[in-house]
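Below is one structure; the comments refer to it alone.
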Amino acid sequence: MVKRKIRHAFFKIIMLAGFASIFQPGFGQSIKTSIDRKDILIGEQIKYNLTFTLPSSEYTIEFNLPDSFPHFDIISKVKSDSVDSKGNYLVFQKIVFTSFDSGKWSVASFPIKIKNATTSYTLNTDSVLINVGYAPADSTGELRDIKPVMEVFVIDNTLLYAIIGAVIGIILLFLIYRYFKRRKKEEKPIFQSALSPYDEAIKALNDLKKYNLYNAPEVKEYHSALAEIFKKYYSRKSQRNLLNKTTGDILVNLKENQGDVVISSVAEALRTTDAVKFAKYLPPVQESEKSVEQIKNSIELLEKNQLQKNE
């Protein structure tokens, strides 16, 4: 009975050992590490290469590479794969890192997990010892001459800047002069005409008869033209450009130079034109025609006053 139990236990151990050997890692799988240098100066780069040899592409590789090792900083990580002539699946991992700590430091071994659909196991990389140092000091002991201070030739551009500034100032003054001269020339046509101020105004008033005073848009044009006729007439008589002046400004000027009689004759007509232009007032036909008569009477009164002054 005891012998039977011993044989049974021994048989189970043999079976388990045989079963475990089926999943033994390492058949056809390997990892190889290499490094391009083991002695560097501070800040120089090291290329650390990992090569995985796997039976097929069904295997996957997992490893959590830290952002830095003790005394080392990782600069870049590049991964690639290929198949060799024997049909092995090769995976390459290149890691570039550097160090800013002088001394002898070890890049520690770290685990890498390899697995496929049925198996999973871990391999460890090789540790590498790196010597990090400074640039070698000059050991020749030779004395070197101290270079003399070099004289710096400075160009003084003050005169050049002064000339450029003067030229720019002259150009600006010329442009300003041309602007005001041209502006004065543009104002002359107001006072230049083959007709006298009176004849020009009377002719323009007679031309207003072409407007249809039963049509709202033409009524507005009619009164705008009426106000323009009087302002141009009075501008030529007073030798001042009053075209941009308001009705109030025109009336104040008339009161100062012509008296209340002229104001009462022209004020009602100009205020009617303002109401049409700004308040969208549409006066009756008789009122529009009355405004023309009032402007005409005002012009004739101004002409009469001018004759009396000349006598």
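The values are calculated or read from the model by the stated rules, or taken from the named source; none is laboratory data. Fair warning: this is a prediction, and the values are worked out from it, not measured in the lab. Quick reminder, even Gly has a Cβ in these numbers, built from the backbone with ideal geometry, and neighbours come from all protein chains shown. Protein only, heavy atoms only, side chains kept; ligands, DNA and RNA dropped before computing areas. Shrake-Rupley method; radii C 1.70, N 1.55, O 1.52, S 1.80 Å.
Key figures
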quantity	calculated
Residue selected from segment 123-132 under the condition out of contact with any Pro (no Cβ under 8 Å at 6 or more places or on another chain), open to solvent by 20 Å² or more (accessible area, probe 1.4 Å) and assigned to a strand (DSSP E or B), by the criterion nearest to LEU54 (Cα to Cα)	LEU129
Among the candidates VAL96, VAL78, residue that is at pLDDT 75 or above, β-branched (Val, Ile, Thr) and open to solvent by less than 60 Å² (accessible area, probe 1.4 Å)	VAL96
Count of segment 276-299 residues which are open to solvent by 30 Å² or more (accessible area, probe 1.4 Å), within 21 Å of ASP249 (Cα to Cα) and not polar (S, T, N, Q)	4
ILE263 within 18 Å of ASN206 (Cα to Cα), touching a helix residue (DSSP H, G or I) at 6+ places or on another chain (Cβ under 6 Å) and aliphatic (A, V, I, L, M)	no
Meets criteria (outside any strand (DSSP E or B), loosely packed, with under 10 Cβ neighbours inside 10 Å and modelled with pLDDT of 80 or more) for ILE155	yes
Matching residues in segment 192-220 - criterion: being within 14 Å of LYS237 (Cβ to Cβ) and over 55 Å from the mean Cα position of the chain (by Cα)	LEU195, SER196, PRO197, TYR198, ASP199, GLU200, ALA201, ILE202
Count - residues of segment 275-287 that are modelled with pLDDT under 85, in a helix (DSSP H, G or I) and in contact with a helix residue (DSSP H, G or I) (Cβ under 9 Å, 6 or more places away or on another chain)	2
Leading residue by the ranking (surrounded by the fewest Cβ atoms within 10 Å (Cβ to Cβ)) among those in segment 226-256 that are outside any loop (DSSP other than H, G, I, E, B) and charged (D, E, K, R)	GLU256
Enumeration of residues in segment 208-225 that are part of a helix (DSSP H, G or I) and open to solvent by 70 Å² or more (accessible area, probe 1.4 Å)	LYS209, LYS210, PRO217, LYS220, GLU221
Exclusive hit being open to solvent by less than 100 Å² (accessible area, probe 1.4 Å) and hydrophobic (A, V, I, L, M, F, W, C), set LEU173, LEU160	LEU160
Total residues in segment 98-122, condition touching a Ser or Thr at 6+ places or on another chain (Cβ under 8 Å) and outside any loop (DSSP other than H, G, I, E, B)	8
